[in-house]
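Written below as structure tokens is the structure these notes are about.
The values are calculated or read from the model by the stated rules, or taken from the named source; none is laboratory data. All figures in this text were calculated on a predicted structure; none of them were measured in a lab. Heads up, the Cβs are rebuilt from the backbone with ideal geometry, glycines too, and the neighbour counts pull from every protein chain shown.
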Amino acid sequence: MRSTKHNQMQVGIEALGMYVPRYYLPLRDLAAARGVAPGKFLQGLGQEEMGVPPPDEDVVTMAANAAREALAVVDTDSIDTLMFATESGIDQSKAAAIYVHHLLQLPKYCKSFEIKQACCGSTAALQMALAIVAQRPERKVLIVASDVARYGFNTPGEPTQGAGAVAMVISATPRILALEPEWGAYTEDVMDFWRPNYLDEAVVDGKYSIKVYLKALAESWTQYVAESGRTLAQHDRCCYHLPFTRMAHKAHQHLSKLAGGDPADVTLLADSLQYNRRIGNSYTASLYVGLLSLLETAATDLAGQRLGLFSYGSGCMAAFFSGVVMKGYRKHLQPDRASVDLDTRHRLTVELYEAFYRHELPRDGRRYRTPVNETGNFRLSGVEGHKRLYESCAPVARLVPETPRAPVRRVGGGYCIA
Ligand code: COA
């Protein structure tokens, strides 16, 4: 087993949770609707399906659902801080973390706030969490990363949309991944992707963003090597930020060339790409969706293996860091997640996907109730007086319906499974 070089104390990920919307669109259907060869989305971008949130789901409900899973085995009284990373936030002032704090009834002394730096905000939160726990090892930090990736209809980014949330409990008892202290980071002022306050969809120069991603990877890797003295060969697997899964191939090939070792073996990335291929981009969550995918789907026991992790946030900030998988980690994960959470989602038609995305909450303060769709244990029930209203709902039956991929049809103001 590799040593974590973490002095006496190990700090890292104790628990993980994930939540994805209960609806998805096959990219083959989107390709047909947009008149594009399906190979472009399926092979060229490496995406198969995209998660689509219904109108009564947002970053808060997804985060609360993911956190509920992560906290199932953690004493919530030990949670000292809740950090909410998102780039599709719902308020310019009040942190989405406070809604989650309320929905999960976390202790009143738990600090709760939001963090932003595009898709890298979750990793910035992680580094802060490590510092908090190193200083007060009896405390734990809950990080939620939750996003809805929206580029707009008929844009090059449309097939890379998606949605989802990951929650991580960071503590001095890391039962899943012990994080190592060496980090390489990189910041540069670039305009590859941004979203002004008055827009619902991001402005993106996609081709340029790929170039900057690869440059930031090289720069943060170089700094990580200077700190750690490690070679790429000393990392058994790598997980990359995944705007679309082919990006991981590009990144791994780029890094292997730079590191000057063996040619890149992209087959080793396959386990980390399985979930994202079916969820799409989840911005701040996407690196950690990839990590969960690797840990939950790898056929071999990864205990003792060192993972290299690369986080990229447009604008831009990036980080390369590493962790060592803990013995017994599988007991704390959900190896049947794909069949329980992904295979049971409901297939949307392109028309309904567009209807979900076109849905807007009123902006004039009037009372409005959102149509009821299938969600997790929390839903956005409506708005009133410019306030978002959330409610807990009965746990969704983990259904394996007789027609598991039945299309959804519109019923009155809502939607239901056909
Ligand atoms: N069969 C198989 N592959 C095909 C194909 C087909 N019929 N048609 C095209 N392709 C391949 C292309 O060769 C290309 O592969 P390559 O990158 O290895 O050259 C890939 O599919 C994408 O095609 P491309 O023409 O480059 O797509 P695009 O111009 O429509 O946009 C993005 C691609 C990623 C720039 C766009 O989806 C985007 O802007 N996404 C959002 C931003 C983003 O994700 N940035 C990443 C860094 S954060």
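Within the stretch 184-208, can you find the residues that are surrounded by 15 or more Cβ atoms within 10 Å (Cβ to Cβ) and closer than 30 Å to residue 227 by Cα?
Of everything in the stretch 184-208, those that are surrounded by 15 or more Cβ atoms within 10 Å (Cβ to Cβ) and closer than 30 Å to residue 227 by Cα turn out to be 184, 185, 186, 187, 190, 192, 193.
Does residue 61 qualify as being among the β-branched types (Val, Ile, Thr) and assigned to a helix (DSSP H, G or I)?
yes
With respect to residue 66, determine if the residue is assigned to a helix (DSSP H, G or I), out of contact with any Asp or Glu (no Cβ under 7 Å at 6 or more places or on another chain) and at pLDDT 95 or above.
For residue 66, the condition - assigned to a helix (DSSP H, G or I), out of contact with any Asp or Glu (no Cβ under 7 Å at 6 or more places or on another chain) and at pLDDT 95 or above - is met.
Given the conditions (1) in a loop (DSSP other than H, G, I, E, B); (2) in contact (Cβ under 8 Å) with a residue 60 or more places away in the chain; (3) polar (S, T, N, Q), which single one is not true for residue 300?
Answer for residue 300: the failing condition is (2).
Within the stretch 120-139, can you find the residues that are touching a strand residue (DSSP E or B) at 6+ places or on another chain (Cβ under 6 Å), more than 15 Å from residue 174 (Cα to Cα) and aliphatic (A, V, I, L, M)?
124, 125
Give the residue that is nearest to the ligand (Cβ to nearest atom), with candidates limited to residues of the stretch 36-93 that are hydroxyl-bearing (Ser, Thr, Tyr) and in contact with a strand residue (DSSP E or B) (Cβ under 8 Å, 6 or more places away or on another chain).
Out of the qualifying residues, it is 88.
Restricting to the stretch 360-404, name every residue that is modelled with pLDDT under 95 and among the hydrophobic types (A, V, I, L, M, F, W, C).
372, 393, 394, 396, 397, 399, 400
Consider residue 255 against the criteria (1) away from the ligand (no atom under 13 Å from the Cβ); (2) surrounded by fewer than 18 Cβ atoms within 10 Å (Cβ to Cβ): it satisfies all of them except one. Which criterion is unmet?
Single failed check for residue 255: (2).
Just one of 107, 159 is under 20 Å from the mean Cα position of the chain (by Cα) and either in a helix (DSSP H, G or I) or surrounded by fewer than 18 Cβ atoms within 10 Å (Cβ to Cβ) (or both); which is it?
Testing whether each residue is under 20 Å from the mean Cα position of the chain (by Cα) and either in a helix (DSSP H, G or I) or surrounded by fewer than 18 Cβ atoms within 10 Å (Cβ to Cβ) (or both) leaves just 159.
Give me the residue from the stretch 166-202 that is part of a strand (DSSP E or B) and either small (Gly, Ala, Ser) or modelled with pLDDT under 95 (or both) and, out of that set, farthest from the ligand (Cβ to nearest atom).
If we take residues in the stretch 166-202 being part of a strand (DSSP E or B) and either small (Gly, Ala, Ser) or modelled with pLDDT under 95 (or both), then 171 is farthest from the ligand (Cβ to nearest atom).
For the stretch 300-322, check the following and say yes or no: at least one residue is farther than 22 Å from residue 223 by Cβ, surrounded by 23 or more Cβ atoms within 10 Å (Cβ to Cβ) and at pLDDT 95 or above.
Scanning the stretch 300-322, I find no residue that is farther than 22 Å from residue 223 by Cβ, surrounded by 23 or more Cβ atoms within 10 Å (Cβ to Cβ) and at pLDDT 95 or above, so the answer is no.
Within the stretch 216-263, work out how many residues are more than 25 Å from the chain's Cα centre (by Cα) and without any contact (Cβ under 8 Å) to a residue 24 or more places away in the chain.
4
Kindly indicate whether residue 241 is more than 25 Å from residue 191 (Cβ to Cβ), within 10 Å of the ligand (Cβ to nearest atom) and not basic (Lys, Arg).
no
Return the pairs, sorted by first residue and then second, in which the second residue is among the basic types (Lys, Arg) and not in a loop (DSSP other than H, G, I, E, B), the first residue lies in the stretch 98-124 and is within 9 Å of residue 84 (Cα to Cα), the beta carbons are less than 8 Å apart, and the residues are 6+ apart or on different chains.
Listed pairs, sorted by first residue: none to list.
List every residue pair whose Cβ atoms sit under 9 Å apart, with the two residues 6 or more apart in sequence or on different chains, where the first one lies in the stretch 327-348 and is at positive phi and the second, anywhere, is surrounded by fewer than 18 Cβ atoms within 10 Å (Cβ to Cβ) and not in a helix (DSSP H, G or I).
Close Cβ pairs (under 9 Å, with a partner that is surrounded by fewer than 18 Cβ atoms within 10 Å (Cβ to Cβ) and not in a helix (DSSP H, G or I)) amount to 328/303.
Please find, within the stretch 258-285, the residue that is nearest to the ligand (Cβ to nearest atom) out of those that are more than 20 Å from residue 151 (Cβ to Cβ), crowded, with 19+ Cβ neighbours inside 10 Å and among the polar types (S, T, N, Q).
Per the stated criteria, the residue is 272.
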